[in-house]
Amino acid sequence: MSEIYRFGISLEKPLIDAFDKHIEKKNYKNRSEAIRDLIRNEMVQKNWVDGGRAAGAIVMTYDHHKRELLAKITDIQHDYQEMIISTQHVHLDHHNCLEIIAVRGEAADIQSLADKLQAQIGVKHLNLSVSATLTKH
Ligand code: NI
């Protein structure tokens with residue numbers, strides 16, 4: 001395990017009160033745990049911006065009735081099959097499909113896949129969530 005560093009943080013009272021209330025709702029045991037997660041999230045975002053490899057998920061909803069859209073979404077996914085780990089398709093209701101695509105690869109490629117899917121007419125919402133940045137091996 002790596003060495004643990006301790007440091008103090010100065011904050012205005014209303015801000016730390018609000019933060020304490022917030023982390024209690026999120027079931028953190030203490031401030032250190034919560035701040036550690038905040039820093040980790042920030043570093044994942046930073047690495048994402050800097051490029052490199054990453055893993056995450058694309059979550060999208062789209063209109064089931066647009067027949068050509070289903071084919072287009074499949075075509076795009078075939079173009080990126082090397083970085084798609086799995087896809088899950090859920091028939092949400094009569095009109096809507098939910099698709100969850102787990103991805104791992106170059107950050108730029110993941111972004112490009114998400115952008116191409118989002119640009120399709122009939123895609124109602126798309127969210128790319130990066131969970132980890134990976135080191136090259
Ligand atoms: Ni469906």
Can you tell me the accessible area per residue over region 1-66, all protein chains present, probe 1.4 angstrom, in square angstrom?
82
Rg/Rh ratio calculated on Cα atoms of region 1-69 (Kirkwood radius)
1.18
Non-local Lys pairs in the chain, i.e. 8 or more apart or on different chains, that have alpha carbons under 26 Å apart
14
If you filter region 1-59 for GluC sites (Glu not before Pro), then keep DSSP loop positions with at most 15 other Cβ within 10 Å, what is left?
E3, E12
Just to be sure I understand: with springs between alpha-carbon atoms less than 10 Å apart, which residue in H64, H22, H125 has the highest mean-square fluctuation in the Gaussian network model of the chain?
H22
Counting Lys and Arg as +1 and Asp and Glu as -1, each charge on the Cβ, what is the dipole of the chain about the Cα centre in debye, to the nearest 20?
360
Can you give me the three principal axis dimensions of the chain from its C-alpha atoms, in Å, biggest first?
57, 39, 22
Along the dipole axis of the chain (charges at Cβ: +1 for Lys and Arg, -1 for Asp and Glu; origin at the Cα centre), the most positive-end residue among L38, V49, V59 is L38
In square nanometres and to one decimal, what's the mean projected area of the convex hull around the Cα atoms of region 53-134?
4.7
Heavy atoms only, probe 1.4 Å: what % of the accessible area of the chain goes to carbon and sulfur, would you let me know?
52
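The values are calculated or read from the model by the stated rules, or taken from the named source; none is laboratory data. Predicted, not measured: the structure shown is a model, and the values here were computed from it. Glycine also receives a Cβ, built like all others from the backbone with ideal geometry; neighbour counts cover every protein chain displayed. The accessibility values were calculated without ligands, DNA or RNA, using every heavy atom of the protein model including side chains. Shrake-Rupley method; radii C 1.70, N 1.55, O 1.52, S 1.80 Å.
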